[in-house]
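The values are calculated or read from the model by the stated rules, or taken from the named source; none is laboratory data. This is a predicted model, so every value here is computed, not measured. Cβ coordinates were reconstructed from backbone atoms using ideal geometry, including for glycine residues, and neighbour counts include every protein chain displayed.
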Amino acid sequence: MRPPCYVHVMLTGHFTLQESSLPERPEVHRADPVTLETLRKHLASEHAPVSNEGALRSAIFHGGLTAAARPESWKFLLGYRW
């Protein structure tokens, strides 16, 4: 047998959370996003390998990318060799 809250959803189309047992969400601290200038330093030449690829990927993972850096980062992130 389903709990009453599910029956209520099926009959009325509305959902009301009766009680919450979720823990408090932890506070998350992100790093600063990678800027276009930083990205270009790592991708100095189209034909040269990326300098310190692991550090760049980690910086992007932990801080993201600025809007200006996104168009130039996709080739690197998807492994496209130009």
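Computed values, structure above
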| quantity | calculated |
| --- | --- |
| Out of H14, H8, H47, sole residue that is at pLDDT below 65 and in a loop (DSSP other than H, G, I, E, B) | H47 |
| Subset of the stretch 56-82 (residues that are in a helix (DSSP H, G or I) and modelled with pLDDT of 90 or more) | L56, R57, S58, A59, I60, F61, H62, G63, R70, P71, S73 |
| Complete set of residues in the stretch 26-35 that are hydrophobic (A, V, I, L, M, F, W, C) and either in contact with a His (Cβ under 7 Å, 6 or more places away or on another chain) or modelled with pLDDT of 95 or more (or both) | A31, V34 |
